[in-house]
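Down below is the structure, laid out as structure tokens.
The values are calculated or read from the model by the stated rules, or taken from the named source; none is laboratory data. Quantities reported herein were computed from a predicted structural model and do not represent experimental measurements. All Cβ positions, even for glycine, are placed from backbone atoms using ideal geometry, and neighbour counts span all protein chains on display. Side chains are part of the model used for accessible areas, which takes the heavy atoms of the whole protein and leaves out ligands, DNA and RNA. Shrake-Rupley method; radii C 1.70, N 1.55, O 1.52, S 1.80 Å.
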Amino acid sequence: MVRTKYGIPEKRSVFCRLFRMLVRRVLPAFTLSAVVFLSNVSVSRADMPYDTYSYNYWGEEVKEPHSYLYAGMISGKEIGTNLSYPADLFVAEDRLYVADTGNSRILIISMDGMLLKEIGSGKDAADTLKNPQGIFVTGEGHLYVADTGNSRVVEYDENGNYIREIGRPVTTLISDGQEYSPTKVVVDGAGRIYVIAYGINMGLVEFNSEGEFQGFMGATQVSVSMFTYIWKNYFSTQAQQDRMETIIPTEYSNIFVDNESFIYATINNLSAEDRAAGADAVRRLNPTGTDILRRLGQYPVIGDLEGVTFGWNYSSFVDVAATDYGCYFILDETDGKIFAYDYDGISLFVFGRNGIREGNFQKPVSIGLSDDESRIYVLDNTLNSIYVFEITEYGRHLLDAIRLNHMGDAQGSTREWQEVLKLNSNSELAYTGLGKTYLTEGNYKEAMECFELGNSKKYYSKAFSYYRKEVMETYLTGAVIALVVLLFVIWLIRRIVRFRRWVGEVRCYMQKN
């Protein structure tokens with residue numbers, strides 16, 4: 001068995017995988033384009049325009065039942081007004097909030113596409129937006145807007161009335177000549193405001209609830225090869241150093257705050273050097289800026305593995321949404337795919353595609369999740385529309401199993417995992433999930449068997465250590481007693497043999513005398 005530089009097990013040769021990729025991706029896309037061009041025949045909507053798959057232990061794509069199905073599109077026709085280069089989408093209860101960037105406004109839309117309110121295009125200068133690119137809605141219904149063109153963050157109340165603006169941070173860390181253009185904004189449970197600003201590579205800009213600048217949080221780490229560092233600092237001339245590209249941290253592309261006030265942040269401009277070092281394109285930051293994302297899967301959280309293997313067509317994450325029980329959905333603009341991971345960073349499923357068929361994306365830029373995860377909404381910047389995907393029976397069983405396990409309902413989780421296996425008997429994830437449930441219940445032997453079927457070495461080792469401890473605690477006392485008894489019997493036998501030998505020697509001596 002050969003392992004790639006990312007630690008992904010590899011059974012096949014690179015040439016075999018390359019040929020398989022060309023046959024699976026390039027040939028179908030070419031054939032589909034040719035058919036549409038030559039025959040001008042529309043593709044049936046009943047046939048899903050994408051596959052759903054996950055990755056097995058070997059890093060291979062394995063098709064599985066659809067978790068979400070394309071259900072339709074909300075376009076300007078349904079809304080009653082055309083969108084222009086929308087940049088962000090937020091789902092809150094029964095409403096969709098859209099940053100209609102090209103029209104410099106925020107639209108509030110019902111779930112069925114009806115326009116409810118328009119914000120930011122009023123006559124009052126303080127209330128007028130300019131190319132907003134980010135939106136966030138608090139639990140109280142307050143709307144925060146990253147007003148990019150006006151270099152500020154604007155807050156509105158639950159009725160859409162202007163409250164205040166938060167302008168450029170007052171700090172010497174940003175020079176007067178440096179541009180400050182907020183693109184994304186979130187607010188955590190404590191009222192802290194975090195902003196992504198174009199050109200700011202020191203991390204997220206943090207403000208307190210009063211709008212006062214607090215500093216930068218979660219700056220990304222720089223990854224530099226040893227050769228580059230030595231050459232730049234010890235062998236290159238000053239002129240060469242001046243011409244060299246400055247080594248600076250990468251910037252975040254989007255952020256999302258979960259119910260525990262942790263911030264998921266995506267990065268879409270990782271260099272090949274960063275990827276070679278195994279850098280993940282998504283992070284989960286605590287209030288101190290430390291990345292606490294769990295990475296217990298067989299491979300990094302980087303999207304498509306083939307792009308990493310061959311060095312092209314990397315997944316580019318532009319947005320992320322998370323559930324209350326730790327699952328998160330990441331949107332990739334490169335291939336128009338949605339990658340779902342559980343709390344441990346294990347791949348759940350992948351679906352979606354860029355293309356020309358109905359249900360395919362052109363340029364996806366933002367993703368939103370309904371409160372019960374029954375629907376996924378994706379905003380397309382080119383088609384100026386919102387895609388709607390509805391959960392299937394398989395997807396519901398899968399997410400419910402993870403949710404119930406997170407809540408500590410072992411019986412409910414076991415029941416749901418068994419339903420998943422009925423629909424997909426080869427699901428390594430289901431076996432691993434069952435193993436986690438057995439592990440929680442203390443059935444370590446059964447957990448080991450499930451983890452073996454799920455090819456989960458890390459959890460198998462954990463279950464084995466508990467099982468070994470259980471066996472030792474169960475049989476150690478009896479083993480010690482048995483050992484003591486055995487030693488005593490051996491000692492007693494040896495004493496009896498010696499005593500009989502002594503008696504025999506005494507008798508012989510008495511007979512001789």
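For segment 324-472, the residue among Asn426, Phe464, His406 whose Cα projects farthest onto the positive side of the dipole built from Cβ charges is Phe464. Values of log10 I(q)/I(0) for segment 63-185 across q = 0.21 Å⁻¹ run -1.17, by the Debye formula with one identical scatterer at each alpha carbon and no solvent.
Apolar share of the accessible surface for segment 46-195: 47 percent from carbon plus sulfur atoms, 1.4 Å probe.
Each of Ala479, Phe499, Gln511 was placed along the dipole of segment 445-513 (beta-carbon charges, centred on the mean Cα), and the one lying farthest toward the positive end is Gln511.
Pairs of Cα atoms nearer than 8 Å and 6+ residues apart set the relative contact order; for segment 95-165 it is 21 percent.
Amide H contacts for Ala197 (H built 1.01 Å from N in the peptide plane; partners 5 or more residues away or on another chain; cut-off under 5 Å): Thr183, Val205.
Put a plus charge on the Cβ of each Lys and Arg, a minus charge on the Cβ of each Asp and Glu, and nothing anywhere else: the dipole of segment 311-356 about its Cα centre is then about 180 debye. Orientation-averaged projection of segment 285-359 equals 6.1 nm² [convex hull of Cα atoms, one quarter of hull surface area]. Extent along the principal axes, Cα only, for segment 381-451: 53, 25, 19 Å, with the longest axis given first.
The charge dipole of segment 383-513, taken about its Cα centre with unit charges on the Cβ of Lys, Arg, Asp and Glu (plus for the first two, minus for the last two), comes to roughly 1740 debye. Per residue, how many Å² of accessible area does segment 65-210 show with a 1.4 Å probe? Heavy-atom SASA per residue in segment 65-210 reads 42 Å².
The label point for Asp372 and the one for Thr81, both projected 7 Å from the Cα toward the Cβ, are 3.1 nm apart. Calculated accessible area for segment 283-355 comes out at 27 Å² per residue, all protein chains present (probe 1.4 Å; ligands, DNA, RNA ignored). In segment 285-384, a dipole from Cβ-located charges (positive for Lys and Arg, negative for Asp and Glu) runs towards its positive end, and of Asn313, Gly303, Thr290 it is Asn313 whose Cα lies farthest in that direction. The mean sequence separation of alpha-carbon pairs under 8 Å and at least six residues apart, normalised by the residue count of segment 71-223, gives a relative contact order of 13 percent. Every pair of different Cα atoms in segment 385-508 enters the Kirkwood calculation, which places the hydrodynamic radius at 18.4 Å. Each of Asp324 and Met111 was given a label point 7 Å from its Cα along the Cα-to-Cβ line. The distance between the two points is 1.6 nm. Rolling a 1.4 Å probe over the protein heavy atoms gives segment 450-513 an accessible area of 90 Å² per residue. Couplings 3J(HN,Hα) for segment 417-427, derived from phi with the Karplus relation 6.51 cos²θ - 1.76 cosθ + 1.60 (θ = phi - 60°), are 5, 5, 5, 4, 5, 5, 8, 8, 5, 9, 6 Hz, where x marks Gly and Pro.
The string of couplings for segment 94-107 from the Karplus curve (6.51, -1.76, 1.60, θ = phi - 60°) is 10, 9, 10, 10, 10, 7, 7, 4, x, 9, 6, 7, 10, 10 Hz, one whole number per residue in order, with x for Gly and Pro. Heavy-atom surface analysis with a 1.4 Å probe gives segment 392-511 a carbon and sulfur content of 59 percent of its accessible area. Protection proxy ranking, highest mean first, for peptides 348-354, 323-329: 348-354, 323-329, where packing is the per-residue count of other beta-carbon atoms within 10 Å, averaged. When each of the peptides 261-268, 497-504 is scored by how many other beta carbons lie within 10 Å of its residues on average, the order from highest to lowest is 261-268, 497-504.
Between Lys363 and Leu486, the modelled label-to-label distance comes to 7.6 nm, taking each label 7 Å out from Cα in the direction of the beta carbon.
Here the Karplus relation 6.51 cos²θ - 1.76 cosθ + 1.60, evaluated at θ = phi - 60°, turns the backbone of segment 182-193 into coupling constants of x, 10, 9, 8, 9, 10, 8, x, 8, x, 5, 10 Hz, with x for every Gly and Pro.
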